[in-house]
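Bear in mind these aren't lab numbers, they're just calculated from the coordinates by the rules spelled out. Predicted model only: the values in this text are computed from it and were never measured. Ideal geometry is used to build each Cβ from the backbone, glycine not excepted, and the neighbour counts take in all protein chains shown.
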Amino acid sequence: MDVQDKRAIVAAEPGTMLGESQWLTVTQAMIDHFGIATLDDDPMHADPEWAANKGPFGKTVAYGFMTMSLLTHMLHETLGEGPAREPERTGYFLNYGFDKMRLVAPVPVGSRIRGKFRLDDRTLDQSGRARLSIGVEIEIEGEERPALAGTWLAIWVPPSGDAQS
């Protein structure tokens with residue numbers, strides 16, 4: 001299946017593997033920027049010295065919400081497209097939330113992670129919008145347990161010329 005076109009995703013059969021992203025190394029700079037953006041200075045994430053001496057993992061770990069937020073980048077990379085730039089031609093996705101999202105294992109600084117995506121369910125409404133349930137997993141290279149597993153919900157809104165009134 002060619003998932004380069006958003007419409008192909010919407011038309012895919014439930015159970016279709018959408019693909020996986022490239023490996024991404026989680027750096028302390030990424031963790032620090034996330035902490036600054038969210039006003040969270042928890043030393044388990046933001047203070048390498050504290051984390052090494054007092055933390056439960058021997059080094060800093062990514063914020064759980066940071067790991068979740070990387071899903072967007074990983075999905076765009078998997079689908080071969082960036083954020084919607086031409087919604088009048090391609091339609092656009094809206095984040096609808098999550099079901100059964102679990103942060104299974106911590107992501108230590110320096111780890112490599114990647115996202116895996118599967119279309120679990122799709123329902124169309126009378127306006128041609130699709131509600132998609134996407135099974136997601138973020139794996140940690142070399143680890144048996146994933147960092148994250150769950151279901152990401154999205155609404156796909158077709159191009160304005162395709163919508164039904």
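Of note:
- Comparing Thr27, Thr16, Thr38 in a Gaussian network model of the chain where C-alpha atoms under 10 Å apart are linked, the largest mean-square fluctuation is found at Thr38.
- Most mobile listed residue (Gly55, Gly19, Gly142) in the chain, GNM with C-alpha springs under 10 Å: Gly142
- Degrees separating the helix 28-38 axis from the principal Cα axis of the chain, which is the longest one: 70
- Degrees, to the nearest 10: 64-79 long Cα axis against longest axis of the chain: 40
- Taking GluC sites (Glu not before Pro) in DSSP loop states with no more than 11 other Cβ atoms inside 10 Å as exposed sites, the chain has its longest site-free stretch at 1-140.
- Length-normalised contact order of the chain in % [C-alpha pairs under 8 Å, at least 6 apart]: 27
- Efficiency of FRET from Cβ geometry, Asp40 and Tyr96, R₀ 25 Å, rounded to 0.05: 0.50
- Point-to-point label distance, Arg145-Thr25, nm (Cα→Cβ direction, 7 Å offset): 2.6
- Free of any chymotrypsin sites (Phe, Trp or Tyr not before Pro) that DSSP assigns to a loop and that have at most 16 other C-beta atoms within 10 Å, the longest stretch within the chain is 58-165.
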